[in-house]
Amino acid sequence: MPKIHFTSAPSNLALHTGDNAESVARNRFALTEELNLDNLQFMSQSHSDQVRVVDEFSSVDLPSDALITQRPGLGLAVLVADCIPLLLSSTTCVAAVHVGRIGMTNGIVDKTIDIMEGLGATGIIAWIGPAICGNCYEVSQEMYEEVTTFFPASATTVQQHSLDLPRGTIALLRERGVDTHALGLCTLENSQFFSYRRDKTIGRQAGVISL
Ligand SMILES: [Zn+2]
């Protein structure tokens, strides 16, 4: 069975936000040990639609916003501090996906599922970890209209113009026939999680999955 794990603050796992590299390396090592993984692969994320299939561990964070592996013991990590850490499991491969407002609109979720299915995945199950909720993610009126036109499930109210990205993502997954478990924990409202919007933090927690 694939293994799923979500971390929380104060352990920062991101190298790209200006934290001390040695302390991040220690946190990554501790997490790899705790989860009993051979290795834990991180990404250099940029809200792109780049999906990578990895079979070998790279000590360099790989430029992409989704990772897929078929290799048991190789953990995949997605870093977040309000965006959605989306984990996809199947018996043949697993994936970790970075889903923010841009990722939702650039189709990275569909693209990742397409590639998993190409690798023989059936009965994919999704987990949505701690992420900013529909009450807290207010955006400009223009942005609200842009996103909700294409993803009506992410709508709240026109007055509030905040986006419910977890609900929008669940709807996308349902269209693909993927059952989703959502933790329903808001990063902004729960201080045990890093929240960029709340604190402009350099900290990032992770969603981790492995076969
Ligand atoms: Zn919230």
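Every number in this text was worked out from the coordinates using simple rules, so none of it is lab data. Source: prediction; values computed, not measured. Cβ atoms come from the backbone with ideal geometry, glycine included; neighbour counts cover every protein chain shown.
Hull volume per residue, based on the alpha-carbon atoms of the stretch 82-165 and their convex hull, is 84 Å³. A simple rule links phi to the HN-Hα coupling: the Karplus curve 6.51 cos²θ - 1.76 cosθ + 1.60 with θ = phi - 60°, which for the stretch 108-116 gives 5, 5, 4, 4, 5, 5, 4, 5, 4 Hz, with x for Gly and Pro. For the chain, the Cys residues with no second cysteine's beta carbon closer than 4.7 Å are C83, C93, C136. Taking the empirical scaling 2.2 N^0.38 Å for compact globular proteins as reference, the chain has a Cα radius of gyration ratio of 0.96.
When D82, D38 are arranged by Cβ crowding within 10 Å, least crowded first, meaning fewest neighbours, the order is D38, D82. Note that the stretch 42-95, at 4 °C in a medium of 1.567 mPa s, gets a Stokes-Einstein diffusion coefficient of 112 µm²/s from its Kirkwood radius over C-alpha pairs.
The spread of Cα positions in the stretch 116-178, taken along each principal axis and listed from longest to shortest, comes to 44, 23, 14 Å.
P(r) tail for the stretch 102-211: Cα pairs beyond 16 Å make up 64% of the total. Among DSSP bridges having both ends in the chain, what percentage is antiparallel? Round to the nearest 5. If I count the DSSP bridges inside the chain, around 65 percent turn out antiparallel. Annotation: amide H-H contacts under 5 Å for H181 (H modelled 1.01 Å from N, sequence separation of 5 or more, or interchain): A126, W127, I128. Contact order for the stretch 4-60, expressed relative to its length and based on alpha carbon pairs under 8 Å spaced 6+ residues apart, stands at 24 percent. For the stretch 29-37, the Karplus equation 6.51 cos²θ - 1.76 cosθ + 1.60, evaluated at θ = phi - 60°, returns couplings of 5, 4, 5, 4, 5, 4, 8, 6, 9 Hz by residue, with Gly and Pro reported as x. Taking one equal scatterer on every alpha-carbon of the stretch 1-74, how large is log10 of I(q)/I(0) by Debye at q = 0.17, 0.20, 0.21, 0.25 1/Å? Normalising to I(0) and taking log10 leaves -0.71, -0.99, -1.09, -1.42.
The amide H of T187, built 1.01 Å from its N in the peptide plane, has A131, I132, C133 as neighbours under 5 Å, considering only residues 5 or more places off or on other chains. Taking other residues whose beta carbon is less than 13 angstrom from the beta carbon of E34, and scoring Lys, Arg as +1 and Asp, Glu as -1, yields +2. Each listed q (0.18, 0.27 Å⁻¹) maps to a log10 I(q)/I(0) for the stretch 156-211, found by the Debye formula over equal Cα scatterers with no solvent: -0.87, -1.14. Based on alpha-carbon centroids, what's the gap between the stretch 23-47 and the stretch 129-159 in Å, whole number please? Between the Cα centres of the stretch 23-47 and the stretch 129-159 lies a distance of 31 Å. For V53, the amide hydrogen comes within under 5 Å of the amide hydrogens of I68, counting only partners 5 or more places away or on other chains and with H modelled in the peptide plane.
Phi-derived couplings, Karplus 6.51 cos²θ - 1.76 cosθ + 1.60 at θ = phi - 60°, listed residue by residue for the stretch 119-125: 8, x, 5, 10, x, 5, 10 Hz, with x used for Gly and Pro.
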